[in-house]
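Structure first, commentary second.
The values are calculated or read from the model by the stated rules, or taken from the named source; none is laboratory data. What you see is a predicted model; the values in this text were computed from it and never measured. Don't worry about glycine lacking a Cβ; one is built from the backbone with ideal geometry, like all the others, and counts go over all protein chains shown.
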Amino acid sequence: MFFPSEPFRIKVVEPIRRTTREEREHLIRESGNNVFNLPAEAIYVDLLTDSGTSAMSDNQWAGMMLGDESYAGSKNYYHFEDTVHDIFGFKHIIPTHQGRVAENLLFSTILKEGMVIPNNIHFDTTRANVEYNGGEALDLVIDEAYDPHLDHPFKGNMDLQKLQATIEEYGVERIPLVIMTITNNSGGGQPVSMENIRATRALLNRYGIPLFFDACRFAENCYFIKEREPGYQGKSIKEIAREMFAYGDGCTMSAKKDGLVNIGGFIGLNDDGLSEKITTRLILIEGFPTYGGLAGRDLEAIARGLQEVLNEDYLHFRISQVRHLGKMLDDEGIPILKPVGGHAVYLNAREFLPHIPQAQFPAQALTVALYREAGIRAVEIGSLMFGHKDPLTGREVYPELELVRLAIPRRVYTTMHMVYVAESIINLYRQRNDIRGLKLTYEAPVLRHFTARLETVETSLENA
Ligand code: F0G
């Protein structure tokens with residue numbers, strides 16, 4: 001396998017600083033062993049998220065200078081609307097300042113108490129917006145998605161039997177729409193096949209239920225379809241995207257991912273009445289319908305980013321860079337979630353640190369060790385993020401998987417940075433028996449992982 005080489009050259013550089021081990025020891029202790037509390041300046045390679053962290057192109061920056069900041073009818077809005085319409089095809093395009101606002105506007109408009117929203121797997125903000133508005137968020141992905149060792153080309157697929165059973169159980173009137181998250185972030189950035197999207201649409205047609213996409217990483221999903229699904233090798237990414245969205249009635253989008261920008265999002269939909277209701281709410285909380293919480297220059301950057309993300313040289317590099325990082329780790333026996341998804345490599349912390357029980361947050365311990373050893377920031381997706389007390393028994397409930405996500409920002413780090421990340425993790429794996437578990441000293445009542453503070457457990461058996 002060739003090292004993926006960058007389909008761009010560097011015109012502007014942003015210096016990043018190497019810290020000493022002593023500095024990092026001090027900073028991570030000060031942060032309460034929580035990488036969300038670290039100053040970003042003290043991080044060498046930041047893999048906390050691929051969201052809003054992309055590098056924009058010279059073409060996008062040039063577009064920023066053409067920002068038309070008129071309150072209503074900015075020319076950038078028309079460019080944005082035309083571009084989104086051209087790729088996604090939906091009749092109404094409503095700009096928002098990021099993805100979760102699009103979710104909030106949609107669910108606060110359509111949900112009533114007792115309704116359910118099926119999805120392959122809801123992302124955290126989607127789930128929270130559904131639940132906050134009185135709905136129940138159901139994850140109906142295929143069972144294969146939960147086996148970290150199983151290689152399956154489309155692990156993000158919806159389980160159609162589960163979906164049909166859900167519709168029969170709850171009834172059509174309690175399901176205002178079904179969502180398909182492409183790629184499926186919470187399941188490891190795994191794609192959904194066109195066949196599965198088509199079959200989901202056909203099933204929903206029988207009941208008259210609309211299909212929406214959570215489209216953040218749509219271009220990466222299209223690239224996987226082109227690469228893996230028979231019949232798509234000769235099609236362009238745009239053709240694949242258009243076919244895919246033609247099976248839907250609408251979407252929510254965080255442009256902070258495949259929009260290749262640092263802020264922005266939108267809702268796309270065909271229903272005139274729903275669009276009108278959402279637009280009324282938009283004016284209340286985001287802004288006038290031709291800017292929706294964004295500056296004109298941001299809309300221009302999104303319009304240009306959405307065209308660039310369809311470029312196959314770009315997508316080939318993007319997907320290969322992430323996959324190559326996974327391969328470097330896998331070749332050395334580092335336990336990772338397979339297959340490697342579109343935007344991130346996930347370390348399997350239970351297998352990396354089998355001596356640390358789930359009660360001592362193995363994935364968080366690994367995240368902290370990775371910063372301490374190498375100045376790399378990843379994010380824990382394990383018992384710190386998802387563990388909770390059962391309201392009935394009062395006992396701690398742990399998630400199935402303990403993962404550490406290494407999310408790769410788009411066009412930001414070179415392949416040499418990825419080699420650095422791989423070597424650091426391989427090095428850490430050799431010293432894994434020295435890594436100790438953690439215990440909480442502070443936790444907030446909800447979304448505790450953002451603000452939690454923890455300390456090292458002195459012996460691995462303490463509190464086990
Ligand atoms: N849907 C998915 C699938 C996402 O991954 C995200 C954000 C959102 C919706 C919300 O979009 O941040 O613009 O409000 N994911 C980021 C991440 C935060 O790190 O995975 P937003």
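So, in the range 179-196, of the ones that are assigned to a helix (DSSP H, G or I) and within 16 Å of the ligand (Cβ to nearest atom), which residue ends up surrounded by the fewest Cβ atoms within 10 Å (Cβ to Cβ)?
Ser186
So, in the range 270-299, exactly how many residues are of a type in the set (Asp, Glu) and assigned to a helix (DSSP H, G or I)?
Adding up the residues that qualify gives 3.
Looking at the structure I just gave you, is Leu163 over 28 Å from Val345 (Cα atoms), at pLDDT 95 or above and within 16 Å of the ligand (Cβ to nearest atom)?
no
Being in a loop (DSSP other than H, G, I, E, B), within 22 Å of Lys257 (Cβ to Cβ) and either within 12 Å of the ligand (Cβ to nearest atom) or in contact with a Leu (Cβ under 7 Å, 6 or more places away or on another chain) (or both) is the filter here, so list the residues in the range 206-234 that pass it.
Selection gives Ala215, Cys216, Arg217.
For every residue, the table says whether it meets (1) crowded, with 20+ Cβ neighbours inside 10 Å; (2) under 23 Å from Ala407 (Cα atoms); (3) touching a Pro at 6+ places or on another chain (Cβ under 9 Å).
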position	(1), (2), (3)
Ile278	yes, no, no
Arg297	no, no, no
Glu300	yes, no, no
Leu315	yes, yes, no
Arg318	yes, yes, yes
Gly333	no, yes, no
Val340	yes, yes, no
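Search the range 181-203 for residues that are within 13 Å of Arg228 (Cα to Cα) and among the aliphatic types (A, V, I, L, M) and pair each with any residue that is within 16 Å of the ligand (Cβ to nearest atom) and in a loop (DSSP other than H, G, I, E, B) when their beta-carbon atoms are under 6 Å apart and the residues are at least 6 apart or on different chains.
Partner pairs satisfying both residue conditions: Val192/Gly156; Val192/Asn157; Val192/Ile182.
List every residue pair whose Cβ atoms lie under 7 Å apart, where the two residues are 6 or more positions apart in sequence or sit on different chains, the first residue falls within the range 255-269 and is away from the ligand (no atom under 12 Å from the Cβ), and the second residue, located anywhere, is among the aromatic types (Phe, Trp, Tyr).
Within 7 Å, the pairs are Gly268/Phe88; Gly268/Phe90; Leu269/Phe90.
Just a yes or no: is a residue in the range 104-113 assigned by TED's automatic domain parsing to the domain that holds Ser254, under 19 Å from the mean Cα position of the chain (by Cα) and polar (S, T, N, Q)?
yes
Look at the range 111-134 and say how many of its residues are over 23 Å from Ile381 (Cβ atoms) and surrounded by 19 or more Cβ atoms within 10 Å (Cβ to Cβ).
Selection size over the range 111-134: 4.
Give the range 275-302 a look and list any residue that's in contact with a helix residue (DSSP H, G or I) (Cβ under 7 Å, 6 or more places away or on another chain) and of a type in the set (A, V, I, L, M), or say none.
Ile278, Leu282, Leu299, Ala301, Ile302 - these are the residues of the range 275-302 that are in contact with a helix residue (DSSP H, G or I) (Cβ under 7 Å, 6 or more places away or on another chain) and of a type in the set (A, V, I, L, M).
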